[in-house]
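Each remark here refers to the structure printed beneath this line.
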Amino acid sequence: MDVRISSKCKALGFVILTISLIVTLALTTHSDLAAAQNNTLIQSTGTKSMATNATNIVLVHGLWADGSSWSKVIPILQNAGHKVIAVQLAARSLADDVATVKRAIDLVGGPTILVAHSFGGFVITNAGYNNKNVTGLVYVAAFAPDEGESAVNFVPVASLPPGLLVPDSGGFVYLNPKMFHGAFIQDANATEAETLAAVQKPAHQSLFTEKSGPPAWKQLPTWFEVSEGDHIIPPDVERMFAKRMNATTISLNSSHASLVTHPAEIAELILNATKGVTK
């Protein structure tokens, strides 16, 4: 009887050992397979990321506008594969607006192209200075100041039509809605102009005299669009900015708001900047 029990124990032990070996082998194979699959997934993702190599684009609006003024340009840039952020400036101080753009640059990382309309040129000129993530600057009917210059150096308030600027009780200034169409975007239809006038962000009057810091355009390649029908910034002033920066320049028969009335051409200029296309 003892011999039979011993034999059965040995047989049972052999079965248990066999099962353990099978389970261990199965687990090892599954683990190796999962690791191989994960490795392949990581490699594929990395390859895709490197192949895309899209440039980030930060769009900066000017005074008496907001981020939605880029709404016709944004889809073109996104369809070309770029990540786009249109910031919303407080238009309270140059330092605050520069800080807003710098946060956007930090968020998307590099490489980043900064694009500005109108007073937004002051903002990107300062936000892009010594910024390792910024690879180029695009000015759309925009100011491109040198250090120590302010907006009134180029567009004195007294040179604007009487009644165009409407101040509020907090020191902010609107463009007169009744004059907005003719002054800001005369090449749009009345409905579009009235809508833009209604959503305009007022600008603090101190922005007109704030002085710019060291300019990023002395460090980076630049692109510029001159609006030949601009009633806010004289076209000759825009050409001066472009020439001083040695910018790759286009001219459009446009109002000040060329980003609204000529979105395809403005998008093409920005896309050329992402590719480093000059002259």
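Confirm whether Q205 is under 26 Å from A104 (Cβ atoms), assigned by TED's automatic domain parsing to the domain that holds H256 and surrounded by fewer than 18 Cβ atoms within 10 Å (Cβ to Cβ).
Spelling it out, Q205 is indeed under 26 Å from A104 (Cβ atoms), assigned by TED's automatic domain parsing to the domain that holds H256 and surrounded by fewer than 18 Cβ atoms within 10 Å (Cβ to Cβ).
Looking at segment 112-197, what strands (runs of 3 or more DSSP E) fall wholly within it and have at least 2 residues that are within 25 Å of I270 (Cα to Cα)?
By residue number, 112-117, 134-140.
Residues in segment 240-261 that are within 20 Å of L160 (Cβ to Cβ), assigned to a helix (DSSP H, G or I) and not polar (S, T, N, Q): how many? Working first, answer last.
First, pick out the residues of segment 240-261 that are within 20 Å of L160 (Cβ to Cβ): 240-241, 254-258.
Now restrict to residues that are assigned to a helix (DSSP H, G or I): 240-241, 258.
From what's left, not polar (S, T, N, Q): 240-241.
Residues that pass the stated criteria total 2.
Against the condition buried (at least 18 other Cβ atoms within 10 Å of the Cβ) and either under 15 Å from V140 (Cα atoms) or assigned by TED's automatic domain parsing to the domain that holds V60 (or both), how does V199 come out, does it pass? Walk me through how you get there before you give the answer.
Values: buried (at least 18 other Cβ atoms within 10 Å of the Cβ): no; either under 15 Å from V140 (Cα atoms) or assigned by TED's automatic domain parsing to the domain that holds V60 (or both): yes.
Here the answer is no, as V199 does not meet what is asked.
Just need a number here: residues in segment 53-108 that are under 22 Å from K275 (Cβ atoms), small (G, A, S) and assigned to a loop (DSSP other than H, G, I, E, B).
3
Can we say S169 is surrounded by 18 or more Cβ atoms within 10 Å (Cβ to Cβ), of a type outside the set (D, E) and within 26 Å of A90 (Cβ to Cβ)?
no
Considering (1) in a helix (DSSP H, G or I); (2) touching a helix residue (DSSP H, G or I) at 6+ places or on another chain (Cβ under 9 Å); (3) surrounded by 15 or more Cβ atoms within 10 Å (Cβ to Cβ), say which one A264 fails and leave the rest.
For A264, the failing item is (3).
Of the residues in segment 76-99, how many are closer than 21 Å to K132 by Cβ and surrounded by fewer than 17 Cβ atoms within 10 Å (Cβ to Cβ)?
3
Output the qualifying pairs, or none if there are none: Cβ atoms under 8 angstrom, residues six or more apart or on different chains, first residue in segment 245-264 and free of Cβ contacts under 8 Å to residues at least 24 places away in the same chain, second residue among the small types (G, A, S) and part of a helix (DSSP H, G or I).
Within 8 Å, no pair qualifies.
Looking only at segment 198-219, count every residue that is touching a strand residue (DSSP E or B) at 6+ places or on another chain (Cβ under 7 Å), closer than 16 Å to S69 by Cβ and not in a loop (DSSP other than H, G, I, E, B) and tell me the total.
So the count comes out to 1.
The values are calculated or read from the model by the stated rules, or taken from the named source; none is laboratory data. None of the values given here were measured: they were computed from a predicted structure. Cβ atoms come from the backbone with ideal geometry, glycine included; neighbour counts cover every protein chain shown.
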